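The values are calculated or read from the model by the stated rules, or taken from the named source; none is laboratory data. Fair warning: this is a prediction, and the values are worked out from it, not measured in the lab. Here the Cβ is made from the backbone with ideal geometry for all residues, glycine too, and neighbour counts use every protein chain on show. The accessibility values were calculated without ligands, DNA or RNA, using every heavy atom of the protein model including side chains. Shrake-Rupley method; radii C 1.70, N 1.55, O 1.52, S 1.80 Å.
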Amino acid sequence: MVHIIIARHAKTIDRSEADEDFDRYLTERGHADAERLAEALARTGLKADLALVSPARRTQETWAHLASTLGDPRIESPMALYHASTSMLIRASLEAFEAGAQTLAVIGHNPGVGGFAHELAAQAGTLSQWPHGFATSSAAVFDLVAEANSMNTVHQLLNYNPKA
């Protein structure tokens, strides 16, 4: 049994306030929301062995709030994670599990992370309990059975939405 933690970055400045989307940073509310997210994740008791974190400033700042809660795991931030699609995140996660990860954290952007979380929630039979989107600072945690080229969701451990 392996675990996956999927989270969306916290609230950021408006696109119009930054020269580049990649450089958008967390607002004061975003930092506060990221701290609440860290508290919610701490209640799971999980410690990650690997974190796949988009290299964008907002995801890196969000990760800074979560890292110690999740045991300060090794982090990988390839450019491919910046606005990665759901299928790209699934492939990256499968590769991480095949390389030996037992608990994986994935911190990224919508629509990719939201789609990934919704897909696993559907497998777990809990999708009807989910809001339509995946808000900033949202997270989901699942128990998985990772097999060659697929992930089967066994149980949903956490569905954290700061807006709920």
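Taking residue 101, is it within 14 Å of the chain's Cα centre (by Cα), among the small types (Gly, Ala, Ser) and crowded, with 16+ Cβ neighbours inside 10 Å? Explain how you work it out, then say what you get.
Numbers: within 14 Å of the chain's Cα centre (by Cα): no; among the small types (Gly, Ala, Ser): yes; crowded, with 16+ Cβ neighbours inside 10 Å: yes.
Against the criterion (within 14 Å of the chain's Cα centre (by Cα), among the small types (Gly, Ala, Ser) and crowded, with 16+ Cβ neighbours inside 10 Å), residue 101 does not qualify.
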### Query
Can residue 82 be described as farther than 17 Å from residue 135 by Cβ, among the aromatic types (Phe, Trp, Tyr), open to solvent by less than 60 Å² (accessible area, probe 1.4 Å) and modelled with pLDDT of 95 or more?
yes
## Note on the structure
Every listed condition ((1) surrounded by 22 or more Cβ atoms within 10 Å (Cβ to Cβ); (2) out of contact with any strand residue (DSSP E or B) (no Cβ under 9 Å at 6 or more places or on another chain)) holds for residue 68 save (1)
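Considering each of 16, 77 in turn, give the residue that is farther than 18 Å from residue 158 by Cα, open to solvent by 20 Å² or more (accessible area, probe 1.4 Å) and modelled with pLDDT under 95.
16
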### Query
So which residues in the range 136-164 are open to solvent by 20 Å² or more (accessible area, probe 1.4 Å), in contact (Cβ under 8 Å) with a residue 60 or more places away in the chain and hydrophobic (A, V, I, L, M, F, W, C), if there are any at all?
145, 146, 154, 157, 158
